[in-house]
Amino acid sequence: MALPNQQTVDYPSFKLVIVGDGGTGKTTFVKRHLTGEFEKKYEPTIGVEVHPLDFFTNCGKIRFYCWDTAGQEKFGGLRDGYYIHGQCAIIMFDVTARLTYKNVPTWHRDLCRVCENIPIVLCGNKVDVKNRQVKAKQVTFHRKKNLQYYEISAKSNYNFEKPFLYLARKLAGDPNLHFVESPALAPPEVQIDLAAQQQHEAELAQAAAQPLPDDDDDTFDPDAQPEASTSGGNAQIANLMRLVEELTHKHNTQQTQMEGISAEKRSQLATMTTQAAYSYYYNSYAGYTTRTSAGGWQQATPYYPQGTRAIAHSPVAPKQPFFMPRNTPTMNEPRTQTQ
């Protein structure tokens with residue numbers, strides 16, 4: 001389905017909605033198809049980029065108009081205009097970030113709320129990355145909702161065509177449809193460990209043969225949520241959780257970096273932090289004064305603990321100091337000139 005300002009084509013075309021948490025690789029995925037990247041269109045009224053991806057099948061040419069969120073999902077739920085008239089969809093998560101998988105049910109619910117009975121593919125992206133957090137046995141949501149699941153690597157082009165082939169077969173109603181020509185893809189940016197990935201997919205097949213767990217720690221049942229709950233509220237909670245996860249990741253990274261620093265260097269860093277705390281207040285408020293022995297006021301002399309010195313400071317003074325030197329007025333206390 002083309003946008004109003006796009007040229008229509010004389011072969012089957014479909015609107016493909018791609019959703020998922022920010023940073024899961026949705027944009028990278030659609031940009032692998034060179035034709036789709038060169039012919040993309042931006043629709044400002046909705047705030048999306050639309051990439052036309054063409055594939056050649058044994059039944060003729062087919063086009064997917066891939067709707068990319070352009071990062072909107074980072075600021076809350078997507079508008080219904082993004083989903084309306086969607087004919088098929090891809091939900092993407094990052095196998096190296098568990099939270100992105102936990103949010104899959106929310107994306108699925110939003111899709112089904114606007115687009116009923118459309119073929120949906122669940123994709124676990126970034127399987128080329130070593131630090132995998134979502135294990136094969138934990139990926140069960142697609143089985144609960146009867147979705148197709150593929151593990152992909154956008155940067156290495158691994159399994160790039162499979163989601164499109166599945167959707168094309170469903171839309172055409174022909175399970176024997178196949179691609180007769182590979183699309184022009186950008187060169188791989190990374191190489192995937194095929195042996196390790198084959199092992200993961202064997203574990204997936206083994207997990208699929210097991211009965212579904214009654215309780216899945218990594219997902220929740222969206223049907224159990226009250227109908228009144230809105231995607232916007234859920235998105236705000238999800239964004240907050242993502243922020244906590246990002247901050248935790250940064251903290252862990254800093255801790256790892258600190259472990260490689262000598263005790264002497266850590267002591268120097270701690271001293272610099274102390275310097276910043278003392279100099280922030282004294283140096284950021286140039287008009288601060290203290291009492292003289294004659295009872296008047298004069299410019300305060302910054303005090304630094306032994307072994308420290310003034311360093312770079314913020315030009316903005318706090319409304320109230322976080323500690324007060326002896327015989328020093330508050331900012332709101334009347335001042336008199338030095339006698």
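Quick note: the coordinates plus some simple rules give every number you see, no bench work behind them. None of these values were measured; they are calculated from a predicted model. Glycine gets a Cβ as well: all are built from the backbone with ideal geometry, and neighbour counts include every protein chain shown.
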* Multiply the residue gap between LEU147 and THR35 by 0.36 nm, knock off their C-alpha separation, and tell me the result in nm, one decimal place. => 37.5 nm
* Just list whichever of LYS40/LYS170; LYS102/LYS144; LYS26/LYS155; LYS15/LYS126; LYS15/LYS145; LYS31/LYS162 have alpha carbons separated by over 19 Å in the model shown. => LYS40/LYS170; LYS15/LYS126; LYS15/LYS145
* Once both labels are modelled 7 Å past Cα along the beta-carbon direction, what's the GLN191-ASP10 spacing in nm? -> 4.6
* Structure fact -> For the stretch 130-181, shape from the Cα gyration tensor axes a ≥ b ≥ c, cut at a/c of 1.5 then a/b versus b/c, turns out oblate
* **Residue (of GLN148, LEU165, HIS178) at the positive-pole extreme of the stretch 145-190, dipole from beta-carbon charges** => GLN148
* Return the distance in nm (one decimal) between the two label points of a simple spin-label model at HIS85 and LYS162, each offset 7 Å from Cα along Cα→Cβ. => 3.2
* With a ≥ b ≥ c the root eigenvalues of the C-alpha gyration tensor of the stretch 86-191, is it rounded (a/c under 1.5), prolate (a/b larger than b/c) or oblate? -> oblate
* Counting other C-beta atoms within 10 Å, which of THR69, THR28 has the fewest, and how do the rest follow? -> THR28, THR69
* **Length-normalised contact order for the stretch 110-179 - Cα pairs under 8 Å, 6+ apart - percent** => 33
